[in-house]
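The structure under discussion appears below in the form of C-alpha cells.
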Amino acid sequence: MLFSPYTIRDVTFKNRIVMSPMCMYACDREDGTVHNWHLVHYATRAVGQVGLIIVEATAVTPQGRISARDLGIWDDNHIDGLRTLTTLVHEQGANIGIQLAHAGRKATVSGEIIAPSPIPFDETMRTPKEMTKADIEETIHAFQQGARRAKEAGFDVIEIHAAHGYLINEFLSPLTNKRTDEYGGENRYRFLSEIIEAVKEVWNGPLFVRISAHDYHPDGLTVKDYVEYAKQMKAQGVDLIDVSSGAVVPAKIDAYPGYQVPFAETIRREANVPTGAVGLITSGLQAEEILRNGRADLIFIGRELLRNPYWPKTASSELGISLEAPKPYVRGW
Ligand SMILES: Cc1cc2nc3c(=O)[nH]c(=O)nc-3n(C[C@H](O)[C@H](O)[C@H](O)COP(=O)(O)O)c2cc1C
C-alpha cells in the first residue's frame with residue numbers, strides 16, 4: 001500500500017510517503033524568502049521519489065516566526081521564491097504542500113509576542129501579550145492571506161499548523177488558554193474553526209491540519225478530546241488530520257518507534273476521518289503495517305528523510321517492490 005496512489009479532492013499523490021514539515025532555519029536575509037538551500041533540499045527529496053513534500057512551518061506574520069530565519073508567507077513578495085520551489089518539485093514528479101504557521105508564545109523573534117493568555121512557555125521564554133479581539137481577527141486574516149499566496153505560488157496542499165504548542169494549539173489547550181471570552185472555555189476550538197473557514201474561502205484544494213493529540217499533562221488534552229475536535233474539522237471540510245503530539249507545555253515524551261501511531265489510529269476510527277501517522281517511522285515494513293492495518297492513510301517521514309533523501313527507494317527494496325528511477329539515475333538505481 002505504501003506505493004499505491006492516494007487521491008484527495010483533485011490531487012493524486014503517487015504514493016503514501018509524505019515528507020513531514022521540518023524547519024530549516026535557512027533564510028539568509030531574515031526576511032522569510034526562499035533561499036537556494038530550500039530549493040536544493042526539497043527538490044532532492046522529490047528526486048528521491050517522495051509522493052508529497054510538505055514545506056516547513058511558514059510564518060503568516062513576521063511576529064509569528066519561530067526564529068528569524070523561518071520561511072515566511074506574510075507578504076506578496078514571498079510568492080515568487082515559493083513559486084520557483086513548487087515548479088522545481090513538480091518537475092521532479094512530486095506534489096508539494098506548505099505548512100501555514102504562527103508560533104504564538106513560542107516565537108523567538110524580537111518584539112512583542114502574542115498568545116491567548118499571558119503565560120510564558122517556561123522560565124527561559126518571554127511572557128506573551130494576551131491577544132485582543134483585533135489581534136485575533138488580524139491573525140485569522142493573515143492565515144487567509146497566507147493561503148491565498150500559497151495558491152498563487154502553486155502549492156497542491158495546505159496544512160494548518162495546530163500542533164506543538166504554537167498559537168493555534170495554545171488556543172485549543174486548557175493549559176494555555178485561560179480566556180473568559182468567546183475564544184476560551186467551551187469555545188477553545190473557535191479560533192481554529194474561524195481559521196479553517198477563512199482559509200476555505202480562498203482555497204478549495206486538499207486541506208490538512210496538524211494536531212498534537214496529547215498534551216502529556218494531567219490537566220491537558222488527550223486523544224479523546226482530539227477525536228471530538230477532529231469530528232468538527234471533518235464537518236468543516238478538512239481532508240486529513242496529521243497526528244503528532246506534545247510540546248504545548250514542557251513535558252518529557254517517551255518516544256519509541258511508532259509512538260504516535262495509536263493516536264492517528266484512534267482518530268481515524270472514531271472520527272472517521274483520514275489521518276497521517278508520524279513519529280519514528282523509519283522502515284518500509286513499519287509503514288506498510290500501519291497502512292494495511294487501517295491505522296492511517298499517509299505516512300509522514302521526518303528525520304529519516306534528512307539522513308536519507310532516497311528513503312522511498314530503501315523502503316521499496318525492503319518491501320520487494322521495484323520503484324521506477326528518475327530517468328538519469330536508471331543505470332545506478
Ligand atoms: C529539524 C526539524 C524541524 C522540524 N520542524 C517542524 C515544523 O516546521 N513543523 C512541524 O509540524 N513539525 C516539525 N518537526 C517535527 C517533524 O515534522 C516530525 O513530526 C518529527 O520529527 C517526528 O517524526 P520523525 O521521527 O520521522 O522525525 C521538525 C522536526 C525536526 C527534526
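The values are calculated or read from the model by the stated rules, or taken from the named source; none is laboratory data. Since we're looking at a predicted model, the values are computed, not measured. Reconstructed Cβ throughout: ideal geometry from the backbone, glycine too, with neighbour counts over all protein chains shown. Heads up: the accessible areas ignore ligands, DNA and RNA and are worked out on the full protein's heavy atoms, side chains in. Shrake-Rupley method; radii C 1.70, N 1.55, O 1.52, S 1.80 Å.
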query = Going through segment 25-50 one residue at a time, which ones are within 14 Å of the ligand (Cβ to nearest atom) and either part of a helix (DSSP H, G or I) or open to solvent by 40 Å² or more (accessible area, probe 1.4 Å) (or both)?
reply = 25, 37, 38, 41, 42, 45
ask   = Among the residues of segment 237-252, how many are crowded, with 16+ Cβ neighbours inside 10 Å and farther than 30 Å from residue 120 by Cβ?
value = 3
key: Flag for residue 255 being without any contact (Cβ under 8 Å) to a residue 40 or more places away in the chain, of a type in the set (A, V, I, L, M) and surrounded by fewer than 22 Cβ atoms within 10 Å (Cβ to Cβ)   = yes
Residue list for segment 85-121, restricted to those being outside any loop (DSSP other than H, G, I, E, B), over 21 Å from residue 164 (Cβ atoms) and open to solvent by 10 Å² or more (accessible area, probe 1.4 Å) = 87, 88, 90, 91, 95
query = Residues in segment 291-309: is at least one surrounded by 15 or more Cβ atoms within 10 Å (Cβ to Cβ), away from the ligand (no atom under 14 Å from the Cβ) and within 20 Å of residue 50 (Cβ to Cβ)?
reply = yes
ask   = List the pairs whose first member sits in segment 141-157 and is within 18 Å of residue 91 (Cα to Cα) and in contact (Cβ under 8 Å) with a residue 60 or more places away in the chain, whose second member is assigned to a helix (DSSP H, G or I) and of a type in the set (Lys, Arg), and whose Cβ atoms are under 8 Å apart, counting only residues at least 6 apart or on separate chains?
value = 152/83; 153/83; 154/83
inquiry  = Given (1) within 15 Å of the ligand (Cβ to nearest atom); (2) within 17 Å of the chain's Cα centre (by Cα), identify the lone condition not met by residue 69.
reply    = (2)
inquiry  = Suppose we filter 276, 294, 220 for residues that are closer than 30 Å to residue 189 by Cα and part of a strand (DSSP E or B); which single one remains?
reply    = 276
